[in-house]
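Chemist: Dropping the structure in here first, questions after.
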């Protein structure tokens with residue numbers, strides 16, 4: 001079993017035996033070829049399908065898809081990642097039919113760590129990605145910086161490759177690249193995205209680019225993007241070097257898994273329900289110091305559709321349903337585990353803003369917390 005398949009099996013096994021929320025990387029918060037600093041939540045499994053295609057033939061174009069004799073060439077990339085802990089995940093990418101590789105299989109196990117994340121106005125974060133491209137036998141890496149300026153998200157990245165594709169034995173040496181992307185958020189669901197990458201230590205390398213439209217699917221944890229690009233692979237190297245004169249159409253779709261429910265296959269819950277907890281389960285180590293406001297979950301809905309509180313208030317969700325629910329931030333700021341019947345979960349809000357959330361197993365359940373500064 002190759003290194004890519006071994007990593008894939010290991011990540012999936014870890015997700016099965018762990019518990020975690022189902023949260024996908026929002027495609028309307030990143031670009032196609034520059035992912036930024038997002039990491040999969042702890043003990044959660046995240047699957048991304050990225051698919052590119054073209055019509056075969058020198059005179060072919062997108063309209064030929066509707067003719068009987070059109071030949072469509074596909075370039076898919078599958079990504080599976082598992083959250084190790086807050087701000088770190090490991091995963092594997094598999095690209096087939098990548099033009100740069102010249103072979104069918106391109107495996108890339110990788111790890112990403114985001115050690116710095118500021119949640120103040122003008123959010124700023126820094127992430128590091130290390131990867132191994134099994135097709136090129138190359139150690140690859142990326143340093144990404146991400147910042148929000150109003151409705152615009154800017155992402156810059158520096159990349160390095162120990163053994164790039166398309167080099168003769170005499171030419172083999174480390175190469176460096178720069179990449180940048182921008183996300184224009186029309187609203188909380190819809191964004192326009194674009195990016196650019198260039199292998200600046202190799203003068204004849206074709207630049208890589210993409211432009212797309214991405215959106216969240218309301219009331220679900222899924223996102224979808226449609227785009228055009230000149231790269232065929234989703235690996236670090238594949239996203240850095242474009243194909244000269246080419247333009248591929250494509251789409252991406254995110255699929256998060258509720259790891260806790262999958263984990264019950266190999267780690268079933270007790271046959272009898274556990275007694276109600278005597279204290280709230282919280283995402284903070286210490287008991288709440290400020291005011292506490294409860295939201296009761298019943299009849300498969302959050303009791304308060306929109307709750308207004310002040311900074312420093314703790315919201316306590318109490319599940320009165322006989323089935324499990326979660327409270328999961330749409331922006332990835334918090335994610336509870338599955339809350340059992342009569343279970344509770346706390347989150348303290350330390351900054352002003354509007355925060356939307358949903359229940360992972362029942363995505364039609366939605367709510368919002370409006371946090372205001374203390375007068």
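Chemist: Go through segment 325-343 and report how many residues are out of contact with any helix residue (DSSP H, G or I) (no Cβ under 9 Å at 6 or more places or on another chain), more than 14 Å from residue 367 (Cα to Cα) and buried (at least 20 other Cβ atoms within 10 Å of the Cβ).
Modeler: Number of matching residues: 3.
Chemist: Go through segment 79-90 and count every residue that is surrounded by fewer than 17 Cβ atoms within 10 Å (Cβ to Cβ) and either touching a residue at least 60 places away in the same chain (Cβ under 8 Å) or in a loop (DSSP other than H, G, I, E, B) (or both).
Modeler: The number of residues fulfilling the criteria is 1.
Chemist: List the strands (runs of 3 or more DSSP E) inside segment 187-240, counting only whole elements, that have at least 2 residues being closer than 20 Å to residue 91 by Cβ. First the steps, then the outcome.
Modeler: Working: elements: 190-198, 208-216, 223-229.
Counting at least 2 such residues, we get 223-229.
Chemist: Residue 101: crowded, with 21+ Cβ neighbours inside 10 Å and at pLDDT below 85, yes or no?
Modeler: yes
Chemist: Scan segment 316-344 and report the pairs whose first residue is on the phi > 0 side of the Ramachandran plot and whose second residue is buried (at least 20 other Cβ atoms within 10 Å of the Cβ) and in a loop (DSSP other than H, G, I, E, B), with Cβ atoms within less than 8 Å and a gap of 6+ or a chain change.
Modeler: That search, which allows pairs on different chains as well, returns 332/23; 332/26; 332/38; 332/41.
Chemist: Given the criterion under 23 Å from residue 198 (Cα atoms), out of contact with any helix residue (DSSP H, G or I) (no Cβ under 9 Å at 6 or more places or on another chain), at pLDDT 85 or above and surrounded by 15 or more Cβ atoms within 10 Å (Cβ to Cβ), identify the matching residue among 212, 242.
Modeler: Values: 212 fails: out of contact with any helix residue (DSSP H, G or I) (no Cβ under 9 Å at 6 or more places or on another chain).
On inspection, the qualifying residue turns out to be 242.
Chemist: Related question: Taking residue 178 as the residue in question, decide whether it is modelled with pLDDT of 95 or more, within 19 Å of residue 79 (Cβ to Cβ) and assigned by TED's automatic domain parsing to the domain that holds residue 76.
Modeler: No, not satisfied.
The values are calculated or read from the model by the stated rules, or taken from the named source; none is laboratory data. Remember, it's a predicted structure, so these values are computed and weren't measured experimentally. With ideal geometry, Cβ positions are generated from the backbone for all residues, glycine too; neighbour counts draw on all protein chains shown.
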